[in-house]
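Step one of this worksheet: look at the structure below.
Read-outs: derived from the displayed coordinates by stated rules, not from any lab. For clarity, every value in this text was computed on a predicted model and none was experimentally measured. As a convention, Cβ positions derive from the backbone with ideal geometry for all residues, glycine included, and neighbour counts pool all protein chains shown.
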Amino acid sequence: MPDTRLYLITPSEFSLDKFSNDLTEALDGGDVASVQLRMKEASDEEILEAAAVLMPICHAKDVAFIINDRADIAHNIGADGVHIGQEDLSYIETRAIVGPNLIIGVTVKDSKHLAMLAGEQGADYVAFGAFYPTTTKITTAQAQPEILTWWQDIFEIPCVAIGGITTETAPQLAKAGADFIAVCSGVWDYKDGPKAAVKKFNQLIA
């Protein structure tokens, strides 16, 4: 497997018919480790409906399907994992809901302390960011690439770089030590379409 892999994040809002095609296209573009369903303002029903369509597309390509925030939904639908932020349930609470086998990833912003805490508790990966300005969420912390290198030098747990990452900035983060590059609009809004975007990202982070 490549040293750095792609981690796709869905837009917060989308037309399910169109987006299922975009996702299929993206996964045809090359290696993708995981897809996170991130529908911040959606109802439970909308999240479940989207997951029912999108999870099989991911699993057909052997791509992990991760739910943002909602440990209960991740557990109930048999997703591969859940991603939690600092404002969500704690790692301990989340693990109690999802059981021993699901992946739990934790946003740690630009904090070495939060990263070490998540690692000690048992997180499967930590996500540093945002590294660059992003339109998909309110940015409360600005991370520097050096934090990825620091993490790699000390810990075995994988780290994800997240926040405003484009084809221009991804290589720097891969070089700094990101195990995964998390991308949202950098793929879905790419000028030549999501398939070309995934292909391009993979070429650049190889």
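Within the set (1) 1.16; (2) 0.94; (3) 0.98, the number that Cα Rg over 2.2 N^0.38 Å takes when calculated for this structure is listed as (2). Within the straight-line cut-off of under 29 Å between alpha carbons, the lysines reachable from residue 112 are 40, 137, 175, sequence neighbours fewer than 8 places apart in one chain being disregarded. Can you list the residues of the stretch 55-69 with backbone N under 15 Å from a point 7 Å past the Cα of residue 101, pointing along Cα to Cβ? It comes to 65, nothing else.
Between the listed residues 119, 26, 79, the Cα displaced farthest toward the positive end of the dipole of the chain, a dipole computed from Cβ unit charges relative to the Cα centre, is found at 26. Screening the chain for whole DSSP H helices with an alpha carbon extent of at least 15 angstrom along the helix axis and a mean Kyte-Doolittle hydropathy of at least -1.0 yields 16-28, 44-60, 194-205.
Using r as the Cβ-Cβ distance of residue 76 and residue 146, and R0 as 35 Å, what FRET efficiency do you calculate, to the nearest 0.05? Don't skip to the answer; put the middle values down first.
Numbers: r = 40 Å, r/R0 = 1.13.
Computed FRET efficiency for residue 76 and residue 146: 0.35.
A crude spin-label estimate for the pair residue 113 and residue 43, with each label 7 Å from Cα along the Cβ direction, gives 4.1 nm. Here the label points at residue 153 and residue 62, each 7 Å from Cα along the C-beta direction, are separated by 3.5 nm in the simple model.
Among the GluC sites (Glu not before Pro) in the stretch 1-50, which ones are in a DSSP loop with at most 16 other Cβ atoms within 10 Å of the Cβ? Mind listing them? The partial results should precede the final answer.
Details: sites: 13, 25, 41, 45, 46, 49; in loops: 13, 41.
Within the stretch 1-50, the qualifying GluC sites (Glu not before Pro) (loop, at most 16 other Cβ atoms within 10 Å) are 13, 41.
This model, with +1 at the C-beta of Lys and Arg and -1 at the C-beta of Asp and Glu, gives the stretch 5-205 a dipole about its Cα centre of some 520 debye.
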